[in-house]
Structure formats: C-alpha cells, structure tokens
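Taking it in order: structure first as structure tokens, then the write-up.
The values are calculated or read from the model by the stated rules, or taken from the named source; none is laboratory data. Please read these numbers as outputs of a predicted model, since none were measured by experiment. Cβ coordinates were reconstructed from backbone atoms using ideal geometry, including for glycine residues, and neighbour counts include every protein chain displayed. Areas reflect the complete protein model, heavy atoms only, side chains present, ligands, DNA and RNA absent. Shrake-Rupley method; radii C 1.70, N 1.55, O 1.52, S 1.80 Å.
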Protein chains: 2
Amino acid sequence: MVEWCWREQNVFLNIFLTRGKLLGMEREIAMTTAHPVQVSVLRWAPPIVHGLVRDLRVRWALEEAGWPYREHVVSREDQASASYRELQPFGQVPAFRSDELTLFESGAIVHHIAERSPALMPQEPASRSQVTAWMFGALNSVEPPIMMFNILDMVYQGPKGADVQALRTWIVGWVESRLDALVHVLEGKEYVLGRFTAADVLLTTVLRILRDTDFVTKRPPLDAYQRRCEARPAFRKALEDHLANFAKHAPSA
Amino acid sequence: MVEWCWREQNVFLNIFLTRGKLLGMEREIAMTTAHPVQVSVLRWAPPIVHGLVRDLRVRWALEEAGWPYREHVVSREDQASASYRELQPFGQVPAFRSDELTLFESGAIVHHIAERSPALMPQEPASRSQVTAWMFGALNSVEPPIMMFNILDMVYQGPKGADVQALRTWIVGWVESRLDALVHVLEGKEYVLGRFTAADVLLTTVLRILRDTDFVTKRPPLDAYQRRCEARPAFRKALEDHLANFAKHAPSA
C-alpha cells in the first residue's frame, strides 16, 4: 500500500555542495547525513490543490536547511489506515520521520527543522521566539480567515444563495483586515522579520491559498513579498518536486 | 489610555510557596524573579466570550509554570493604537512582555513559557518536538473547524437561511471527525501525551469553545479529559483571574 520513493543520492549531494552556506554547515551535516528524513506526501490530489498541499511547506524548509529527504507517498487508503493514523492522528499530510522521532503538523515539522537550521532561525533566544510567534501568527491569525474563504469558494460544493454570499462578504472583510495588517508589518522589510526565516515559509504558503484571487496582487508590498519568497531557489525546487510527484502518479484518463 | 494593573506581590509569593514543585524550581525562579512578566488582556468583552478569550491560555500556562505575571489591560481604543499594534500586529490579545522580549500569539507565548518550564514540557528533545506538534495540532487541525462552527453560530449575525444551514451541517461533520480522532488519541491516557504538557493547555481551551454544545459531552472520554484538565488548580486560578478582570471593568448599566 505504501510506496517508498527514494530520491537520487546525487540530487542530495548537489543541493549540499552548491548551497554554499558555511554558517552552521557542520551542524547541519551532522543532523542529516545519518539517514535522509522522510516526509509523507499525497500520492495524488486534484489539480486545484497542486502547489498548495502542505507537504510543500516542509519540502521548502528542508531545501532551505539543506537537509536531504525522501518522500513517503501515501494513498487515500493509507491515510485512513491505523498505521498512518499512528503517525498522523488526523490522517493528513505531511508527517515526518527522522532517526530521532516522528512528527506531524506542517507548522510543527517546519519548527523542528528551523530549530536545527540557522538558515531558518537565528541563534539568539529572543529572535527565535519571534520566529515562533510569526509561525503561529501565520497559521492562527492569517490562515483561518483565508481558509474559511477558500472553503467557501473552492472546497464546499453545496448551494450558495444570497445568505451564503452575505457570509462570504463578511469573511472577505476579515481576510482584508489581516492582509492590511501584514502590509503594515512588511513596510521597509524584505521578510517578515527582516531576514528570511521559517515564518516566511509559512506565511508565503498561506498567502498562496489566495492565488486565484486579487487579495494579494492588489496590495503591491504584499505581492512583492510573495514574489520575493517564491523566487527563492529552495522554493522553486520544493514546488518542482511537489508537482513532479503528482504528475508521476496522475490517474490515466 | 492604557491601564497597568499590578497584582499584589503576596499573591505571587503565595502561588510560589504553595505550588510545591521542586523539579526545575531553581530555574523557574531564576527566570521569573527579576520582574513579573506582563500579559495583555481585554479591559472588557461581552459575557458570551468570558472564559474563552485567549489570554486565558497564557494565564493558565503561567500558573502551571509558577511564573508571577501582571495584567496589561487594554481597551478597544488601545487595541487599534499604533503602539499596541507594534506589540501585537493584529490588535488582538494576548501580547506578552518580559525583561528579554515582547511576543504575540497565544500559541507562541505558551510555547515560549513551556520551553522554559518543566511543568509544561519534558526535557528530551524528541518529547519537546511532540509537545510542539500537538500545540500546532490543537490550533491548526482542531481549532479551525471549531472556530468556523463558532463563527457561524455565535459571531456572525447575518441571515442564516437554508443554504447557511446546509453549510453549517458540512462544518459540523468536519468538527465531528476531528473530535473522533481525538477520542482515539486519548484512549488509555490522562493527557494527550500521557503526562500534562502545554499541548493540553491549548487543546482544552480549544475544546472550551464548544461549551454550549454537546460535541464534547456526548463523547465520554473527551468530556472526562476536558474535566480533568479544567479541574487543575492552575486552570481554576487562571479562569478566576480572567473573569475577575472582566467583572472589575464591567460597564455600569
């Protein structure tokens, strides 16, 4: 039922050797050379969520950190299985496995990687707590209204008469107020905390949920931020691998 | 505009001396005796959200950790002010201030306290990551459907005809599936990770949002878990102080 996809060893080496980050490199190598970590990803999902499924966050964090990983491809049946529920209590992706532990929740997995990678989190304790604050902020203050909007527009397929449209308008106002706050925060900054951190991994992937709307594009500072983050080589690589997995397992027509 | 409420010094001492936790006590004292930390709380809120506003989570974590704190009481006007937005970018409560840093997001503040308190987080790295996983899990896999349900039933005041009722039914199914998964996780356990941790602080306060429904009470293991957590002296004390603040600032009729 479960298929283990091993990525080529030389891909890992390549990422490692071309990354050119020296700070903390030895520590990163020590963390990652024993065995590549595993990330569970969906075998397939409808195109509407390609580029959004939350394994993308973890892939991106791993690329930024320079950790090799292998995909643990799970089918719908796997997701419902007792053994997968042991790893991920809600049957979602991603789940994560390393030599030391198993873990679930994209936010927690990215946090775990970030705590061990200077590419994603600075060393000073106060700065680390700030990164954590913005990680929770992205997922708990920014994502909930966006998710509600997305569910109403994309996921929920029931009747959407006048009353649902009025509710939608109310949710839109909530999304707008959060995005306006973000524009203010980003004023004069390249990334939410100045330098790139794990908080940007989460915030960018949250904003991506709005890709088929003009919420972000009509706010130039937010749009520029989103483009800046998505232009990072680590993001491009993560997205490429995320999409390649779906292409590989696409059901034949 | 901003009122600083200092709690009596002997209340802090009392919490300290009667707690009787010896493990890690010296470290806790070192963390907290310089100055009490500050937690921003709403000056007043409508009774429907008393016992739910998210400063309760932070108060509870602080009581479990045995850290003295003082309330930073903010009015509606304060919440909208530039100086408060500096502390809390979305104008929400709680925000947190210590000698070392300022912080926002209830999840991140509880995490910051937990990282420094053995009462809320074990010492082994793998166990610590598990606590973080369940903290993100409580706020990102359990709270979103519950919040959506709560918004539809309690917060949103627009028309709720047949289409909105159909949407509500869909959301109820989502809530139910998450709670069923939790029942499975709690099987044979007192707390979500066996011993009490910061994950229980978040999970319990998320489940409290459903207090006016039978979602939890009709699931005996979940109901027992909720009661067990809410029977803890630290929770009772936190709730008492949370409610006392609202009582003190209640508008005269």
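Tell me which DSSP H helices of chain A clear both cut-offs, 27 Å or more of axial length from alpha-carbon atoms and a mean Kyte-Doolittle hydropathy of at least 0.0. Kindly include the intermediate steps, with their values, before the conclusion.
Details: long enough: A:162-186 (36 Å, 0.65).
Flagged H segments are A:162-186.
Compute, for region A:125-233, the length of the dipole vector about the Cα centre, with Cβ point charges of +1 (Lys, Arg) and -1 (Asp, Glu) only. Units Debye, rounded to 20.
Numbers: 13 positive and 12 negative charges, 58 e Å.
So the magnitude is around 280 debye.
How well do other chains shield peptide B:134-146, expressed as the mean number of their Cβ atoms within 10 Å of each residue Cβ?
Other-chain Cβ atoms within 10 Å of each residue's Cβ, averaged: 6.
Excluding B:LEU182 itself, what net charge comes from residues whose Cβ is under 15 Å from its Cβ, given Lys and Arg +1 and Asp and Glu -1?
Values: positive: A:ARG85, B:ARG178, B:LYS189, B:ARG208, B:LYS218, B:ARG219, B:ARG227, B:ARG228; negative: A:GLU86, A:GLU105, B:GLU143, B:GLU176, B:ASP180, B:GLU187, B:GLU190, B:ASP200, B:ASP223.
Neighbour charge sum, excluding B:LEU182 itself: -1.
How much accessible area per residue does region A:154-253 have, in Å², with a 1.4 Å probe? Provide the component values of the computation, followed by the final result.
Working: 4620 Å² over 100 residues.
Ligands and nucleic acids excluded, the figure is 46 Å² per residue.
Once the label point is placed 7 Å from Cα along Cβ, list for B:ARG85 the distances to the corresponding points in the other copies, in nm, shortest first.
4.7
With runs of 4+ DSSP H residues as the only contributors, calculate the mean residue ellipticity of chain B at 222 nm using -39,500 (n - 2.57) per run, divided by the residue total and rounded to the nearest 500. Numbers along the way, then the final one.
Details: 12 runs with 134 residues, N = 253.
Computed ellipticity for chain B at 222 nm equals -16000 deg cm²/dmol.
Give the average, rounded to an integer, of partner chain Cβ atoms located within 10 angstrom of each Cβ in B:154-163. Write down the numbers at each step before the final one.
Details: counts 0, 2, 4, 1, 7, 6, 4, 6, 4, 9.
Per-residue shielding by partner chains comes out at 4.
Computing the accessible area with a 1.4 Å probe over protein heavy atoms, can you report the carbon and sulfur percentage for region B:46-101?
Working: 970 of 1900 Å².
C and S fraction of accessible area: 51 percent.
What nm distances, shortest first, do you get from the label point of B:THR169 to those in the other copies when the point sits 7 angstrom along Cα to Cβ?
Label-point distances to the other copies, shortest first: 2.6 nm.
Where does each of A:128-141, B:125-138 land if you order them by average Cβ count within 10 Å, highest first?
Details: A:128-141: 24.8, B:125-138: 22.8.
Final packing ranking: A:128-141, B:125-138.
Arranged from highest to lowest average of other beta-carbon atoms within 10 Å per residue, in what order do the peptides B:145-152, A:164-171, B:75-82, B:110-117 appear? Working shown, then result.
Values: B:145-152: 20.2, A:164-171: 16.9, B:75-82: 13.6, B:110-117: 24.1.
Per-residue mean Cβ counts within 10 Å order the peptides as B:110-117, B:145-152, A:164-171, B:75-82.
Can you check what the net charge comes to around B:MET135, using other residues whose Cβ is under 13 Å from the Cβ of B:MET135 (Lys, Arg +1; Asp, Glu -1)? Show your work: numbers first, answer last.
Working: positive: B:ARG57, B:ARG128; negative: A:GLU105, B:GLU105, B:GLU115, B:GLU143, B:ASP200.
Overall, the nearby charge balance is -3.
Assume the label is 7 Å from Cα along Cα to beta carbon: what separations in nm does A:ARG228 have to the matching positions in the other copies?
A:ARG228 label point versus its equivalents elsewhere: 4.8 nm.
Need the list of lysines near A:LYS248 for cross-linking: C-alpha distance under 27 angstrom, and skip anything on the same chain fewer than eight residues off.
Of all the lysines, those that pass the test against A:LYS248 - Cα under 27 Å, at least 8 places apart if same chain - are A:LYS237.
Based on the alpha-carbon gyration tensor of the protein assembly as shown and its eigenvalue square roots a ≥ b ≥ c, which shape applies: rounded if a/c is under 1.5, prolate if not and a/b is larger than b/c, or oblate?
Values: a/c = 1.44, a/b = 1.23, b/c = 1.17.
Rounded.
Could you work out, residue by residue across A:81-91, how many beta carbons of other chains sit within 10 Å of that residue's beta carbon, and then give the average as an integer? Mind showing how you got there, number by number?
Values: counts 0, 1, 0, 0, 3, 0, 0, 4, 11, 10, 2.
Average per residue, whole number: 3.
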